[in-house]
Amino acid sequence: MTKILAVAGKGGTGKTTLAALAVRSFVRGGRTPVLAIDADPNSNLGESLGVVVDRTIGDTREDFFEQKGSVPAGMSKESYLDMRLNQILIEAIGYDLLVMGRQEGPGCYCFINNILRSYSERLADNYKALVVDNEAGMEHISRRTTYKIDTLWMVTDHSLRGLRAVKRIHELIQSLKLRIESRGVVVNRAPATLDPVFTAELQEIGLPLLGTVPEDSNLGVYDMERRGLFDLPNDSVSVRAVQTLMSPMLS
Ligand SMILES: Nc1ncnc2c1ncn2[C@@H]1O[C@H](COP(=O)(O)OP(=O)(O)OP(=O)(O)O)[C@@H](O)[C@H]1O
Ligand SMILES: [Mg+2]
């Protein structure tokens, strides 16, 4: 069975960082191949993973749309789009990366979107694990183009504003009746002890606390040096914290 982990939360709270570390953890844990999906139009999961992104689903969709579906002779629209999609995957060691890219402009994309949906569903079967880095607004979750999810990390920093965003996402998910096996809050850049006001607010929301990730000075250094997080030392605090968070999914 493919394990699907999705990461959501307010902008800038560390979703992409934690998604990249989760990919690393699946790969190092031998749950390969992994498919990393960057579902943020301002995609940067590639940077965090340390791979160059030169093609996205959004570009392919626009190209196809602008050509009004003109396809080589003897080929159906479906198989042509399928072929183009197969060229989008970026292959790395132990995982592939699929970048959704910019969202659709005005126009009717129903045909393409249906193909995309069936493509990503078929694609998922080829992998042992999927990690989906979502955009802060969760637009595509509200458009229901997401898969069934095993685990959803709702990421927040140690702020009430971050928690309020978590609450909104929680309510959105409940109203859409999305299939999510287990969900909970991950506090990133957390102090050693959470503030009681923060903990009380979290209890009020009613979501379990899955764990915390401390401030890791290595992350700032790697960001400045444009290094992928696969190169972080194993004993880096963020790596270890994510490893602990991942243990239910690696067993
Ligand atoms: N635990 C941490 N310790 C130190 N720095 C961190 C930590 N987590 C994330 N950061 C830094 O915070 C910044 C924002 O992180 P990141 O890009 O992962 O957030 P995001 O939620 O994906 O943002 P966006 O909403 O813009 O996609 C990055 O520079 C990252 O290196
Ligand atoms: Mg991000």
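The values are calculated or read from the model by the stated rules, or taken from the named source; none is laboratory data. The structure displayed is predicted, hence computed values, not measured ones. Glycine gets a Cβ as well: all are built from the backbone with ideal geometry, and neighbour counts include every protein chain shown. Ligands, DNA and RNA are stripped out before the accessible areas are found, and what is left, the full protein with its side chains, is counted by its heavy atoms. Shrake-Rupley method; radii C 1.70, N 1.55, O 1.52, S 1.80 Å.
Among all the lysines, which ones have a C-alpha under 24 Å from K10's C-alpha, if same-chain residues fewer than 8 places away are not counted? Leaving aside lysines fewer than 8 places away in the same chain, those within reach of K10 are K148, K167, K177. First compute the accessible area of the chain with a 1.4 Å probe, then give the percent of it belonging to carbon and sulfur atoms. Within the chain, the accessible surface is 49 percent carbon and sulfur.
For segment 1-80, what relative contact order do you get, as a whole percent, if you take Cα pairs closer than 8 Å and at least 6 residues apart? Walk me through the intermediate numbers first.
Working: 33 pairs, mean separation 13.7, N = 80.
Normalised by residue count, the contact order of segment 1-80 is 17 percent.
Once R0 is set to 35 Å, what does the formula 1/(1 + (r/R0)^6) return for the Cβ-Cβ distance between E201 and R240, expressed as a FRET efficiency to the nearest 0.05?
That pair, E201 with R240, gives E of 0.85.
If R0 is taken as 41 Å, the Cβ-Cβ distance between L172 and A73 corresponds to a FRET efficiency of 0.35. As a length-normalised measure over Cα pairs under 8 Å and 6 or more apart, the relative contact order of the chain settles at 30 percent. The smallest convex shape that holds all Cα atoms of the chain, its convex hull, gives 128 Å³ per residue. Within the chain, helices built from complete DSSP H runs that reach 18 Å or longer along their own axis (Cα positions) and carry a mean Kyte-Doolittle hydropathy of -0.5 or higher are 15-28, 110-124, 160-176, 237-250.
Would you please put 195-208, 41-54 in order of how densely packed they are, using the mean number of other Cβ atoms within 10 angstrom per residue and starting with the highest?
41-54, 195-208
Packing here is the average count of other Cβ atoms within 10 Å per residue, and on that basis the peptides 95-102, 210-217, 175-182, highest first, run 95-102, 210-217, 175-182. Secondary structure note: in the chain, about 5% of the DSSP beta bridges are antiparallel.
Residues of segment 3-250: accessible area per residue at 1.4 Å, in Å²? Could the numbers behind the result be given before it?
On the way: 11920 Å² over 248 residues.
Ligands and nucleic acids excluded, the figure is 48 Å² per residue.
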